[in-house]
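**Student:** Once you've had a glance at the structure underneath, I'll fire off some questions.
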Amino acid sequence: MPVSATTIARQCTLCEAHCGILVTVEDQQVTRIEGNPDDVLSQGYICPKATAMGGLHHDPDRLRTPVRRVGDSFEPIGWDEAFAEIGRRLRAVRGAHGTSAIGMYLGNPAAHSSSVIYGALLRAVLLTKNFFTASSIDQFPQEFVAWRMFGSNVLMPVVDIDRTDRLVVLGANPAVSNGSITTMPGAKLRIKEVRKRGGKVVVIDPRRTETARLADEHVAVTPGGDPYLLLGMLHVLVTEKLCDEAAIAKQCSGWGEIRALVADFTPEQAAPFAGVDAQVIRRLAREHAAAESAVLYARLGVCLQVTGTLTHWLVNIVNAATGNLDRPGGHMFATPPIDAARFAKYLPVGHGAWTDSSGRFKSFRSELPVAVLTDEIRNGTIRAMVTYAGNPVLSTPNRGELDAALEGLDFYVAVDMYVTETTRHADIILPPISPLEREDLDVLLPVFSVRNNLRYNARVFDPPADGLEDWQIMARLVTEMLPLPARGVTTGALHRLFEQFSPLRLSALGVATGPYGVLRRGLRGLTVGKVRESAGGVDLGPLRPRLRQLIGTKDRKVQLAPPDFLAAARALLDDVAHGAQATADGYDLRLIGRRHLRSNNSWLHNVPAMVKGKDRCTALMHPADAAARHLTDGAPVTVTSKTGSIVVPVEVSDDIRPGTIAVPHGWGHQEPGVGWQVAASLPGKNVNALHDPSLTDTFSGAAAVNSTWVRVQAAEPADTPADTVAAVG
Ligand SMILES: Nc1nc2c(c(=O)[nH]1)N[C@H]1C(S)=C(S)[C@@H](COP(=O)(O)OP(=O)(O)OC[C@H]3O[C@@H](n4cnc5c(=O)[nH]c(N)nc54)[C@H](O)[C@@H]3O)O[C@H]1N2
Ligand SMILES: Nc1nc2c(c(=O)[nH]1)N[C@H]1C(S)=C(S)[C@@H](COP(=O)(O)OP(=O)(O)OC[C@H]3O[C@@H](n4cnc5c(=O)[nH]c(N)nc54)[C@H](O)[C@@H]3O)O[C@H]1N2
Ligand code: SF4
Ligand SMILES: [Mo]
């Protein structure tokens, strides 16, 4: 190593896993990124995306200064000028049309740094009803279930993968995603460990995924078939007396209603709806009950469904009924250094405090589902937008109409480091400094981590003199939007005040007062200094049972049988009784999603090392389905749904269940004017053009993108890749 090289330990902040990395820098250039073996959570594991942290930092297309749109292009503008103009324009919209005329969308990476605290402050100051986040195309159903069953939306249980004897993965692909709402870097190794210690791993997924390849058993459920499968399993657990009645009596209320619900619903009835043999359903139930410890881990595949809430509810019931809630090896709750869950139960969550303008969608924990964003802009309810770390044009179902809607806004400000499919419509884009220039304390993800821990993110590079972090940008926007008597005078004072309360300082205060902090534990307590000095964070031990301390329900019991959930489940059972299998005229395949190890939602496609090789945006199709349509591997096909159509190559593989196709999201960068030039040069189409925004989880309103009806045919030669997104009624 040359003398000038330095190596700095921090985390890769690209996804929830937050793996520990060692970044080597020579002459201001990142020359190596490797796993940090001392990291208390990831223990040296990284995925191929980690090196993209360097690629992003050095990317010439990454914005370094604020830019203002002039005609069809962007020109640099100073920060002060930018904030002054944004303030003027946003206040004008608010003055003319009211607070809710300003919409705000907060995307996924916002939740990967503590800057999000200031995002929340801006949201509060805007006072708008039109607040959206990527949560409503992500974990909304899980939060909804947590709120109703445990009394707080934060109480989404974590899978104790490192101690379980039986891991059943339902609609998740942790071998690629490294887990979400269960932070488990190196998921692949953790899964292998379950088997090494004699445990079993089962994957229930319409596709034989990378995770399924590591498992003892793969059950190819039909898309959307999971609630039937789970109800069938519950029937077996109840009728064969396989439940842990003592645990249920101690922890739960409503068990009688669940027993009654499933009493007559046999696996034989469930089988055709689940696409799984009755005998397999019976065995899954018996083995779940027989294992020393067992846990169902469910995620996007079942969450982003019309039945998202219902399915997560049933998942939690199966875990609780077999005595696996709040015990090692089961579904547990972390004890993070800032114990958000402990206090979240005292905050009102609220469902239906307001609705969208159509009255169809209710707010949930003070936000509306992103499914209505496009319509609210189109019908004039929203006149101006603020987006922060999001790319909803590619990441949300919007019939391809969000593009034009954003273009028609009175004013739009984006906080992002790229000119994306979304931000290209902005009047002003405000770029934060690069992740490697930030210093941070990882206080959010320990809430969902498989071990209690606290880790520190050191700066690798000094930020440019005029660079701002996301939180500083948010703080400046906050001051612009506060009703101040003398704007010029007071904003300066406010900025100085906010600098005193940086997220890092607030986090340090939270840690000091938290369960491991010096205020509780005296001098031996956890401090930011100790975390900073550590080689890879501080390990705070395995998860500990603590439901009694956390639960926020009135009777302090887990609510197994909320009446509206029960009614929805009965409606499903009625469908079965009437043999009403879901069908859609003219469409014969179900479309599901797919993630790739080198891709992260919509935004890593500008790092050359992440996108080399063949086109990944393919439609995965079973050989029998391909043969029936006379399609050969690699041929361009038109995938058509009720809302749109795209042309992508077909990839023929028996990894996928017949009747199902899988296409990844986050592609389709060829829009004119986007600034990420590598991405723009790639093939790939926006699969969200096919998903119907009006199809949402019944309870939370989260987008349902995992069982969309489509048809597939060989692409006509005229379907050039350039004109593939067209509404077809
Ligand atoms: N490499 C990579 N990692 C990522 C991301 C990424 O884009 N790329 N994104 C990050 C983010 S933001 C998140 S939220 C997480 C998501 O993490 P995961 O939920 O683990 O990721 P997915 O790959 O979407 O997994 C969903 C699985 O559900 C299956 N599925 C689809 N429909 C059904 C169904 O009806 N029933 C069942 N049982 N299964 C079904 C799909 O085949 C797929 O395997 O990943 C994070 N990590
Ligand atoms: N069909 C389908 N659609 C899906 C999914 C699916 O499985 N299927 N998955 C959904 C899921 S789980 C998620 S989380 C969403 C994600 O949806 P979004 O959050 O809307 O989109 P991302 O693709 O994550 O885009 C992130 C944006 O933030 C910018 N960015 C990155 N880091 C930072 C930062 O530190 N600060 C700022 N200010 N900007 C930053 C990037 O340049 C990019 O423009 O997509 C969802 N969409
Ligand atoms: S799994 Fe990959 S992308 Fe996610 S934090 Fe770890 S290294 Fe980064
Ligand atoms: Mo996500």
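**Student:** Is the shape of the stretch 325-453 best called rounded, prolate or oblate, per the rule: a/c under 1.5 gives rounded, else a/b larger than b/c gives prolate, else oblate, with a ≥ b ≥ c the square roots of the Cα gyration tensor eigenvalues? Walk me through the intermediate numbers first.
**Tutor:** Details: a/c = 2.59, a/b = 1.48, b/c = 1.75.
It comes out oblate by the Cα gyration axes.
**Student:** Show the residues, 5+ positions off or on another chain, whose built amide H is closer than 5 Å to the amide H of Val650.
**Tutor:** Ala619, Gly634, Ala635, Val637
**Student:** Dipole of the stretch 585-714 (Lys/Arg Cβ +1, Asp/Glu Cβ -1, origin at the Cα centre): which of Pro683, His605, Thr640 lies farthest to the positive side?
**Tutor:** His605
**Student:** Additional query: Tell me which residues come under 5 Å, amide H to amide H, from Ala353 once H is placed; ignore anything under 5 positions away on its chain.
**Tutor:** HN-HN under 5 Å from Ala353: Ser363.
**Student:** Give me a comma-separated list of calculated 3J(HN,Hα) values for the stretch 194-204, in order, Karplus coefficients 6.51, -1.76, 1.60 applied at θ = phi - 60°, integers in Hz, x for any Gly or Pro.
**Tutor:** 4, 6, 4, 8, x, x, 10, 10, 10, 10, 10
**Student:** Please state the relative contact order of the chain as a whole percent: Cα pairs under 8 Å, 6+ residues apart? Intermediate results must be reported in sequence, preceding the final value.
**Tutor:** On the way: 1659 pairs, mean separation 136.7, N = 729.
Relative contact order here is 19 percent.
**Student:** Which one, Gly537, Pro223, Gly179, projects farthest toward the positive side of the charge dipole computed for the chain from Cβ point charges (K/R +1, D/E -1)?
**Tutor:** Sorting the options by dipole projection puts first Gly537.
**Student:** Gap in Å between the Cα centre of the stretch 426-486 and the Cα centre of the stretch 272-312?
**Tutor:** So the two Cα centres are separated by 39 Å.
**Student:** So, one more: Ignoring ligands, DNA and RNA, what accessible area per residue does the stretch 1-58 give at 1.4 Å, in Å²?
**Tutor:** Values: 2260 Å² over 58 residues.
Result: 39 Å² per residue.
**Student:** If a/c stays under 1.5 just call it rounded; otherwise compare a/b with b/c (prolate if a/b is bigger, oblate if not). Do that for the chain, with a ≥ b ≥ c from the square roots of the Cα gyration tensor eigenvalues. Walk me through the numbers on the way to the answer.
**Tutor:** On the way: a/c = 1.44, a/b = 1.19, b/c = 1.20.
Because its axes are fairly even, with a/c under 1.5, the chain counts as rounded.
**Student:** Looking at the chain, send over the antiparallel percent of its DSSP beta bridges, to the nearest 5. Intermediate results must be reported in sequence, preceding the final value.
**Tutor:** Working: 45 of 84 bridges.
Of those bridges, close to 55 percent are antiparallel.
**Student:** By the gyration tensor of its Cα atoms, with a ≥ b ≥ c the square roots of the eigenvalues, what is the shape of the stretch 1-58: rounded for a/c under 1.5, prolate for a/b over b/c, or oblate?
**Tutor:** Values: a/c = 2.63, a/b = 1.45, b/c = 1.81.
Because a/c hits 1.5 or more and a/b fails to exceed b/c, the stretch 1-58 counts as oblate.
**Student:** In whole angstrom, note down how far apart the Cα centers of the stretch 352-383 and the stretch 161-233 are.
**Tutor:** Each part's Cα centre sits 35 Å from the other's.
**Student:** For a quick protection proxy, order the peptides 562-572, 117-127 by their average other-Cβ count within 10 Å, most packed first. Please list the in-between numbers first.
**Tutor:** Values: 562-572: 15.6, 117-127: 18.8.
By packing density, highest mean first, the sequence is 117-127, 562-572.
**Student:** Sort the following peptides by mean Cβ neighbour count (other Cβ atoms within 10 Å, averaged over residues), highest first: 444-451, 525-532.
**Tutor:** Details: 444-451: 22.2, 525-532: 16.2.
Those peptides, ordered most packed to least, come out 444-451, 525-532.
**Student:** Here is a further query. What is the stretch 573-729's relative contact order, in percent, from Cα pairs under 8 angstrom and six or more apart in sequence? Show your work: numbers first, answer last.
**Tutor:** Numbers: 301 pairs, mean separation 50.7, N = 157.
Contact order relative to length: 32 percent.
**Student:** Calculate the translational D of the stretch 585-714 in whole µm² s⁻¹ from Stokes-Einstein, where the hydrodynamic radius comes from the Kirkwood formula applied to all Cα pairs, the temperature is 20 °C and the viscosity 1.002 mPa s.
**Tutor:** Values: Rh = 15.3 Å.
Estimated via Stokes-Einstein, D reaches 140 µm²/s.
**Student:** What are the ³J(HN,Hα) couplings of the stretch 371-379, residue after residue, when phi is run through the Karplus curve with 6.51, -1.76, 1.60 and θ = phi - 60°? Round to Hz, x for glycine and proline.
**Tutor:** Working through the residues one at a time gives 4, 9, 3, 4, 5, 5, 6, 5, 8 Hz.
**Student:** Given a 1.4 Å probe and every protein chain left where it sits, what share in percent of the accessible area of the chain is carbon and sulfur?
**Tutor:** Roughly 54 percent of what the probe reaches on the chain is carbon or sulfur.
**Student:** So what J values fall out for the stretch 702-708 if you push phi through Karplus, 6.51 cos²θ - 1.76 cosθ + 1.60 with θ = phi - 60°, rounded to Hz, Gly and Pro as x?
**Tutor:** 5, 4, 9, 10, 10, 8, 6
**Student:** With unit charges on the beta carbons (Lys and Arg positive, Asp and Glu negative) and the dipole taken about the Cα centre of the stretch 1-159, which residue among Ile137, Cys12, Val159 sits farthest to the positive side?
**Tutor:** Of Ile137, Cys12, Val159, it is Ile137.
The values are calculated or read from the model by the stated rules, or taken from the named source; none is laboratory data. It should be emphasised that the depicted structure is a prediction, and the values quoted were computed from it without experimental measurement. Neighbour counts are summed over all protein chains in view; Cβ atoms, including those assigned to glycine, are modelled from backbone coordinates with ideal geometry. Ligands, DNA and RNA are stripped out before the accessible areas are found, and what is left, the full protein with its side chains, is counted by its heavy atoms. Shrake-Rupley method; radii C 1.70, N 1.55, O 1.52, S 1.80 Å.
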